[in-house]
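Here's the structure, in structure tokens; my notes come after.
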Amino acid sequence: MDGYRTGGGHGVAAAPGGLLDLLQVAAVVLDSDGRIVLWSPEAEQLLGYQAEEALDQRADQLLVSPDDREQARDLFAQVASGARWAGVFPLQHKDGTERPVEFRTMRLRARNGQPHLLGLAADARTVRRVERDLALSHSLVHQTPVGIAVFDTDLRWVSVNPALERINGVPEDAVVGRRIGEVLPNLDVEAIESRMRLVLASGKPLLDQQTVGRTAADTEERVFSESYHRIEDAQGRVLGLAMAIIDVSERQQAAADVSQARERLAVIADAGVRIGTTLDLQQTARELADVAVPQLADLTAVDVLESVVGHGTTDSITAEGQAEFRALAVSAGYLTNAIHAADPVGELATYGSTRIITQCVRESRPILVERVDSAMMRRIARDSHAAQTLRLAGVHSYLAVPLIARGEVLGTLSLYRTINSRSFDEQDRILASELAARAAICIDNARLYGRERGAALTLQRSLLPPTPADHEGLDIAARYLPALSEVGGDWYDVLPLGRGRTGLIVGDVMGKGVQAAAIMGQLSTATRALARLDPAPAELLGHLDDIARSLGDAIATCVYACYDPQRGSCELSSAGHLPPVMIRPDGSADLLDIPGGVPLGVGGVGGVPFGTMEQELPAGSLLALYTDGLVESRCQPIDTGLETMTRLLQSTHRSLERTCDMLLGALRPEPDDDVALLLVRTLG
């Protein structure tokens with residue numbers, strides 16, 4: 001290292017060498033008689049005798065035990081005759097202990113021709129320790145797979161180990177004395193030398209610093225991990241810098257693969273949470289499109305076969321046949337005009353057999369276009385204008401994945417990459433297929449549910465009465481609002497009775513779907529038939545209870561009122577239903593507490609008698625009959641809904657038709673349960 005050189009550049013050491021200081025090599029010179037004539041300070045440290053105690057003494061008598069003196073004299077004679085001897089010989093320390101001493105001996109000749117013997121000696125234990133350390137250092141440096149380099153304070157190579165020669169692709173002779181950039185210009189030389197200067201100046205090591213680049217041994221960029229530390233001698237002088245280098249390209253790639261796998265799992269997990277939150281076909285398609293961006297694609301579109309949307313079935317597509325799609329969702333991960341190149345949501349589009357999405361549904365397999373050229377763009381875009389828009393947006397890779405559920409192809413998921421420079425690959429295809437498979441089940445569920453809901457809603461509406469006409473002494477308005485998710489069994493009816501009276505009923509069959517609608521139809525039909533016999537309200541409910549029990553597991557609640565305009569009063573009975581609301585002409589309100597009655601269908605053999613109450617209804621009174629879907633929700637107790645409905649009825653002076661709309665808009669704009677509402681106002 002040039003830290004040892006003098007300013008004159010003659011190679012003269014400016015300070016003692018650390019290795020010799022460590023060994024503490026002692027020098028002893030004997031004359032031809034074996035007497036000590038020269039004695040170094042290191043010899044005093046090694047054996048304990050000061051120079052005045054050792055000089056002119058016979059070495060064998062001062063330093064050798066009686067048992068070893070004969071062997072010592074033989075060795076002295078050999079060296080005096082011109083032979084060299086090296087080895088370990090035990091010597092006596094001044095304190096009486098014996099010390100193993102490593103020797104190197106040689107004969108010297110004085111000016112007078114007399115022979116002298118020079119012995120260079122060191123503590124054998126120290127020599128063994130240093131030898132072990134040197135062997136270990138040599139093994140670590142030359143056998144380790146870690147590249148090791150030593151630099152001087154001018155950042156020039158001093159040495160490299162074999163591992164670094166292999167990493168660099170350059171032998172040691174070609175790098176010694178040169179800077180990194182002179183040998184390996186394709187590395188980030190500025191960053192590397194900046195770190196080296198920092199470590200030289202501060203003395204603080206830098207660990208695991210990463211550099212990306214190419215050495216002479218590489219054809220592509222690799223990732224290296226470098227650790228730097230400053231080299232100092234025993235006196236603290238800076239000699240240079242050592243660097244350990246590891247090629248971590250495979251580790252980095254493995255870490256990137258793990259990170260990518262985690263991202264893919266996160267997308268799948270996100271899809272499980274976000275897709276299929278409702279049984280609405282379009283909502284499910286939007287959820288799929290939103291999950292796919294921006295983690296998987298920059299732009300995505302969901303198109304479903306028109307046969308699935310229109311009548312809930314799937315049609316096969318022939319090799320030359322066209323396919324009709326309904327665009328259900330489009331989503332982009334950023335603001336882009338490319339979104340306008342996709343088919344407008346809700347519109348019907350017919351595509352020929354050469355279109356990618358037609359091929360995708362026909363062959364029931366994903367189609368990956370790694371690089372989109374002009375010819376392929378025409379097979380992707382709906383027309384030339386859309387192709388130009390996609391091209392200007394930077395679409396360079398495309399992936400179409402079929403939506404397959406229960407063995408049927410429902411449509412396609414189309415994925416585009418624009419600002420993401422990486423093309424779709426096999427891993428993307430697998431991830432997109434997993435997303436599409438999960439979403440397809442949800443879409444198919446929504447399709448099947450939509451078909452069932454449509455049937456139930458058709459049945460439900462067909463069983464409800466037409467818009468009720470005004471009856472004697474009454475102004476009447478009614479509404480039925482199906483739930484957004486699933487149709488139930490709520491109903492209302494207005495029944496003409498004898499002597500100018502009017503029967504009013506609102507009921508709720510427990511359960512959902514076609515079965516609930518069918519039970520509702522039977523109870524509604526039975527009510528109309530029974531009303532012709534003009535029984536009292538409690539008697540009518542008793543008959544309905546018998547009928548409900550005959551229908552198996554059918555359970556329903558209802559309230560039945562019989563209004564007599566001649567008497568200006570109303571007789572009411574309830575089968576476990578919510579209390580009607582009465583608003584008097586002066587604006588005061590009451591929840592009519594009808595004597596208890598159990599729901600229809602749970603009364604057991606012989607039934608349970610139903611109570612009756614009679615309520616005066618002066619002219620201008622308002623009576624509201626309703627089902628729980630109007631006032632009950634998951635986010636608030638039913639009492640809150642009752643209070644809100646009562647307050648709204650007290651504050652309005654609208655017509656009954658507008659009042660119905662106002663209540664539904666305020667209380668249930670998007671009902672999660674069926675709502676049946678019947679309002680009547682008594683006339684003068």
Residue pairs within 8 Å by beta carbon, gap of at least six or interchain, first lying in segment 322-339 and assigned by TED's automatic domain parsing to the domain that holds TYR416 and farther than 17 Å from VAL291 by Cα, second part of a helix (DSSP H, G or I) and basic (Lys, Arg), listed first then second, are ALA323/ARG362
What about GLY473, is it out of contact with any Gly (no Cβ under 7 Å at 6 or more places or on another chain), assigned by TED's automatic domain parsing to the domain that holds PRO669, crowded, with 20+ Cβ neighbours inside 10 Å and at positive phi?
-> yes
Among the residues of segment 639-651, how many are in contact with a helix residue (DSSP H, G or I) (Cβ under 8 Å, 6 or more places away or on another chain) and in contact (Cβ under 8 Å) with a residue 24 or more places away in the chain?
-> 3
Out of the residues in segment 669-684 that are surrounded by 18 or more Cβ atoms within 10 Å (Cβ to Cβ) and out of contact with any helix residue (DSSP H, G or I) (no Cβ under 7 Å at 6 or more places or on another chain), which is farthest from GLY568 (Cα to Cα)?
-> ALA676
Hey, any hits in segment 652-661 for a residue that's without any contact (Cβ under 8 Å) to a residue 40 or more places away in the chain and not basic (Lys, Arg)?
-> yes
With ASP490, ASP534 as the choices, which residue is acidic (Asp, Glu) and over 52 Å from the mean Cα position of the chain (by Cα)?
-> ASP534
Quick one: LEU390 ticks every box in (1) surrounded by 21 or more Cβ atoms within 10 Å (Cβ to Cβ); (2) within 29 Å of the chain's Cα centre (by Cα) bar one, so which box is it?
-> (2)
Of LEU463, LEU474, the only residue that is aliphatic (A, V, I, L, M) and at pLDDT 80 or above is LEU474
Pick from ALA149, ALA110: which is of a type in the set (Gly, Ala, Ser) and surrounded by 18 or more Cβ atoms within 10 Å (Cβ to Cβ)?
-> ALA149
So which pairs qualify, if the first residue must be in segment 170-182 and in contact (Cβ under 8 Å) with a residue 40 or more places away in the chain, the second must be of a type in the set (Lys, Arg) and exposed (fewer than 12 other Cβ atoms within 10 Å of the Cβ), the Cβ gap must be under 9 Å, and the two must be at least 6 apart or on different chains?
-> none
Please note which strands (runs of 3 or more DSSP E) are completely contained in segment 547-623 and include at least 2 residues that are in contact with a Cys (Cβ under 8 Å, 6 or more places away or on another chain).
-> 556-564, 569-575, 613-616
Among residues belonging to segment 519-541 that are without any contact (Cβ under 8 Å) to a residue 12 or more places away in the chain and of a type in the set (D, E, K, R), point out the one that is surrounded by the fewest Cβ atoms within 10 Å (Cβ to Cβ).
-> ARG532
If we scan segment 633-644, do we find a residue that is farther than 16 Å from GLY576 by Cα and in a strand (DSSP E or B)?
-> yes
Pick from segment 606-644 the residues that are of a type in the set (Gly, Ala, Ser) and within 57 Å of the chain's Cα centre (by Cα): which of them is modelled with the lowest pLDDT?
-> SER633
Residue by residue through segment 113-145, note down the ones that are surrounded by 17 or more Cβ atoms within 10 Å (Cβ to Cβ) and either modelled with pLDDT under 80 or more than 30 Å from ARG99 (Cβ to Cβ) (or both).
-> VAL141
Name every residue in segment 609-638 that is touching a strand residue (DSSP E or B) at 6+ places or on another chain (Cβ under 6 Å) and either free of Cβ contacts under 8 Å to residues at least 40 places away in the same chain or farther than 19 Å from ILE505 by Cα (or both), in order of residue number.
-> ALA619
In the set ARG286, ARG326, ARG264, the lone residue that is assigned to a helix (DSSP H, G or I), charged (D, E, K, R) and at pLDDT 75 or above is ARG286
Please name all residue pairs, on different chains or six or more residues apart, with Cβ atoms under 7 Å, provided the first residue is in segment 277-296 and is surrounded by fewer than 19 Cβ atoms within 10 Å (Cβ to Cβ) and the second residue is modelled with pLDDT under 85 and in a loop (DSSP other than H, G, I, E, B).
-> THR278/SER485
Are any of the residues in segment 602-620 of a type outside the set (Gly, Ala, Ser) and under 19 Å from ASP490 (Cα atoms)?
-> yes
What is the number of the single condition among (1) at pLDDT 90 or above; (2) more than 20 Å from ILE505 (Cα to Cα) that GLU657 does not meet?
-> (2)
Residue hits (segment 41-71; of a type outside the set (Phe, Trp, Tyr), over 19 Å from VAL88 (Cα atoms) and outside any strand (DSSP E or B)) are PRO41, GLN50, ALA51, GLU52, GLU53, ALA54, LEU55, ASP56, GLN57
Could you please give the count of residues in segment 79-98 that are surrounded by 13 or more Cβ atoms within 10 Å (Cβ to Cβ) and at pLDDT below 90?
-> 3
Run VAL330 past the list (1) under 17 Å from THR300 (Cβ atoms); (2) surrounded by fewer than 21 Cβ atoms within 10 Å (Cβ to Cβ); (3) not acidic (Asp, Glu) and report the number of the one that doesn't hold.
-> (2)
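The values are calculated or read from the model by the stated rules, or taken from the named source; none is laboratory data. The structure presented is a predicted model; accordingly, all values stated were derived computationally and were not measured. Note that each Cβ is placed from the backbone with ideal geometry, even for glycine, and that neighbours are counted across all protein chains shown.
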